[in-house]
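Structure, as structure tokens:
The values are calculated or read from the model by the stated rules, or taken from the named source; none is laboratory data. This is a predicted model, so every value here is computed, not measured. Virtual Cβ from ideal backbone geometry, glycine too; neighbours counted across all protein chains shown. Heads up: the accessible areas ignore ligands, DNA and RNA and are worked out on the full protein's heavy atoms, side chains in. Shrake-Rupley method; radii C 1.70, N 1.55, O 1.52, S 1.80 Å.
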Amino acid sequence: MSLLELEDVHSYYGASHILRGVSLEIGEGEIVTLLGRNGAGKTTTVRSIAGADPPEVRSGTVRFDGADVTDWPADDITMNGIGIVPEERRLFAELSVEENLQLSRITRGWWNTVRRSVRGGEESTMGLEELYELFPRLEERREQKAGTLSGGEQQMLSIARTLRLPDLKLLMLDEPTEGLAPQIVRSVSEAIEEIVDRGLTILLIEQNVHESLKLADRGYVLDQGEIVYEGTVSQLKDEDLDEYLVV
Ligand code: ATP
């Protein structure tokens with residue numbers, strides 16, 4: 001059974017019809033990549049899955065872990081095990097790395113999640129020590145202000161923070177390697193692989209085809225709000241998809 005399944009999803013920003021019948025599925029433990037140019041609708045897909053508002057999903061279904069979550073509020077979807085690492089990293093620049101990791105669970109928007117997780121006695125998906133094992137650079141910089149970290153370190157912190165959510169099953173990463181130096185791209189990629197080894201499932205949004213095809217099992221190509229191609233990584237590599245991708 002798929003962990004996540006979208007069936008014929010149509011999403012709108014006001015009168016703008018952006019997703020035009022997106023269907024995709026992700027099995028447990030898979031890394032699936034969603035590729036496409038600027039404006040293809042990748043972020044809109046992630047936001048539609050996460051119950052974010054906007055956009056509005058006007059028809060179609062999003063199923064996660066056996067439940068129809070199409071109309072669920074974002075907090076409930078988060079509590080059900082879906083975390084997003086957004087493109088803009090939303091860190092607390094004036095706080096240290098460790099404070100960011102501790103505070104992320106009690107800030108606005110996370111408050112309901114915390115309240116319910118405290119009530120339910122749930123633990124974070126990963127504790128601080130485990131996160132530092134995954135990202136040794138963050139441990140070296142645990143006292144440093146987040147605003148003074150390099151772009152790559154900030155990305156690691158943003159991923160680590162999402163791994164603090166309780167009972168996470170699906171992690172959606174929106175262009176995690178955009179603008180990073182090649183060496184840092186490699187560290188972020190290695191961490192993503194390790195996260196999957198620990199039992200999580202990944203939806204990886206990318207414009208950078210080369211990096212995401214190294215990591216993923218399968219991929220979908222989105223163009224103007226429609227899936228124009230899907231296949232295994234080796235099938236995607238063999239296709240001439242340049243018109244839809246940044247290569
Ligand atoms: P990018 O790489 O630029 O993030 P993307 O594939 O993620 O691209 P989306 O951000 O999903 O693309 O945008 C898809 C379309 O929806 C674009 O035409 C964009 O202008 C439009 N759009 C995105 N957000 C909004 C919004 N809040 N209100 C209105 N239109 C929006």
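With charges only on Cβ, +1 for K and R and -1 for D and E, what is the dipole size of region 2-244 about its Cα centre, in debye, rounded to 20? If you can, show how the numbers build up before the last one.
Working: 25 positive and 46 negative charges, 175 e Å.
Roughly 840 debye, rounded to the nearest 20.
Highest mean packing first, where packing is the average number of other Cβ atoms within 10 Å per residue, the peptides 130-143, 74-87 line up as 74-87, 130-143. Against the chain, whose longest principal axis comes from its Cα atoms, helix 151-162 is set at around 90 degrees.
Carbon and sulfur together cover what percent of the accessible area of the chain at a 1.4 Å probe radius?
On the way: 4980 of 11360 Å².
Carbon with sulfur: 44 percent of the solvent-accessible area.
Taking amide H as placed 1.01 Å from N in the peptide plane, the amide H of Met172 sits under 5 Å from that of Gly83, Ile84, Val85, Leu203, each at least 5 places away or on another chain.
Loop-resident trypsin sites (Lys or Arg not before Pro) (DSSP state other than H, G, I, E or B) in region 1-108 with no more than 11 further Cβ atoms inside 10 Å of their Cβ: Arg108.
Remark: the chain carries 46 Å² of accessible area per residue (probe radius 1.4 Å; ligands, DNA and RNA excluded).
Write down the Kirkwood hydrodynamic radius of region 1-110, to one decimal in angstroms, obtained as one divided by the mean of 1/r over all alpha carbon pairs. Please list the in-between numbers first.
On the way: mean 1/r = 0.0655 Å⁻¹.
Computed over region 1-110, the radius equals 15.3 Å.
log10 I(q)/I(0), Debye, Cα-only the chain, no solvent, q = 0.10, 0.11 Å⁻¹? Scattering profile of the chain, log10 relative to I(0): -0.46, -0.56.
Spatially close Lys pairs in the chain, defined by Cα atoms under 27 Å apart and a spacing of eight or more places or different chains, total 5. Applying a DSSP loop filter and a limit of 15 other Cβ atoms within 10 Å to the GluC sites (Glu not before Pro) in region 179-247 leaves Glu239. Angle, helix 182-197 long axis vs. longest principal axis of the chain, Cα atoms, 0 to 90°, nearest 10? Taking the Cα atoms of the chain, the angle to 182-197 is about 90 degrees. The long axis of helix 111-120 is offset from the longest Cα principal axis of the chain by roughly 70 degrees.
Before anything else, pin down the relative contact order of the chain: Cα pairs under 8 Å, at least 6 apart, normalised by residue count, whole percent. Kindly include the intermediate steps, with their values, before the conclusion.
Numbers: 466 pairs, mean separation 69.2, N = 247.
Relative contact order of the chain: 28 percent.
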